[in-house]
Amino acid sequence: MKLNWKRTFIILTDVVLGIYIVLAFTAFNKPDETAKKCTRVNISIADESNNGFITVAEIKKRLVAGGIYPKGQPLRYVDARKIEERLKMSPFVKTAECYKTQDGQVFINITQLLPVIRIKADNGDDYYVDDKNSVMPNSSYVSNLIIASGSITPGFATNYISPMGKTLMANDVWRNLVEQIHVLPGGGVELVPRVGDHIVYIGRLPDFQKGVSHEKLISDYVSNKMTRLVKFYKYGLSHAGWNRYSYVNLEFDNQIICKKRPHRTVVYKSHPAPQTVNAHPSETTVKPAAGRQERTQKQQQTEHKKKHYNVWQMNL
């Protein structure tokens, strides 16, 4: 078989030309790291204004402390991967990306873990829970977050309080309405609203159910209670008065039980039982009117409930 030298030469020429173009294009786009230095560092933090704990100043401080802040350094000595690894060591950083450009700039893009609620438990624990239902360490930064207090373990915080906090924070009205969550020893949940001078009880948060998203169960439960509370504020307390009640119970559907705020201390005293005297003075006996006294006590209890509680039967 005779070799076609002309065709072979053309093919080899095309291959060499292709390799040259690739190398030339790569060299053109690659920064001249030997001669150029980093002239500018661009740090971008996603969701920086949404209650995050990370600032540009904090990122710069962390890189300077590690001796890897790139500004003024030759580009050849700027290790993008090392910068990323250093930033990911922070418990508040979700992702970090770093790259260089041929004009001497270094870009650092960061997404952060966002705290949704702060936990201040009765046992002294003080930490945050993020949007991924994970515990975050305490921080010196101040964020406008709802505080959860009371009988809270880390497990309860991540499985119950975190989904509840995310549901509240996702709604502008609810986020601005609730100031504090308090968990009672039995697991019941109380809310401290920013308006009025009362406590709102919403009952126990739903437990795990097979085949159902637990986070959705809690979200639906809390949404139902908060929707009813807002309607009650709009159609109930706006007429009855914001400071009329000291305790609002939303635990049961289709009714809201409100405890009136006492204006004075009411003390109930038992009255002496009437005496029955026989015709003969020497045979005088005392008989307690048990039935009458029992009825009197029940009436007093009923009047006490009427004076101190209101039950709102509303389509809420």
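The values are calculated or read from the model by the stated rules, or taken from the named source; none is laboratory data. Here the structure is a predicted model, which means the values were calculated and not measured. Note that each Cβ is placed from the backbone with ideal geometry, even for glycine, and that neighbours are counted across all protein chains shown.
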If the Cβ limit is 8 Å and pairs must be 6+ apart or interchain, which residue in segment 61-89 that is within 14 Å of residue 107 (Cα to Cα) pairs with which residue that is loosely packed, with under 14 Cβ neighbours inside 10 Å and of a type in the set (Val, Ile, Thr)? 71/39
Residue satisfying all of: in segment 115-148; over 9 Å from the mean Cα position of the chain (by Cα), aliphatic (A, V, I, L, M) and at pLDDT below 90; surrounded by the most Cβ atoms within 10 Å (Cβ to Cβ) among these: 136
Given (1) under 22 Å from residue 151 (Cβ atoms); (2) charged (D, E, K, R); (3) surrounded by 12 or more Cβ atoms within 10 Å (Cβ to Cβ), identify the lone condition not met by residue 228. (1)
Go through (1) modelled with pLDDT under 95; (2) buried (at least 16 other Cβ atoms within 10 Å of the Cβ) for residue 205 and report which single condition fails. (1)
Starting from segment 227-240, take each residue that is within 13 Å of residue 253 (Cα to Cα) and in a helix (DSSP H, G or I) and list its partners that are at pLDDT 95 or above and polar (S, T, N, Q), counting only C-beta distances under 8 angstrom and pairs at least six apart or across chains. none
Within segment 121-162, residues being in contact with a strand residue (DSSP E or B) (Cβ under 9 Å, 6 or more places away or on another chain) and assigned to a helix (DSSP H, G or I) number 7
Read through the list (1) assigned to a strand (DSSP E or B); (2) among the β-branched types (Val, Ile, Thr); (3) within 15 Å of the chain's Cα centre (by Cα), then give the number of the only condition that residue 202 fails. (3)
Kindly list the number of the only condition in (1) in contact (Cβ under 8 Å) with a residue 24 or more places away in the chain; (2) over 21 Å from residue 255 (Cβ atoms); (3) surrounded by 14 or more Cβ atoms within 10 Å (Cβ to Cβ) that fails for residue 195. (3)
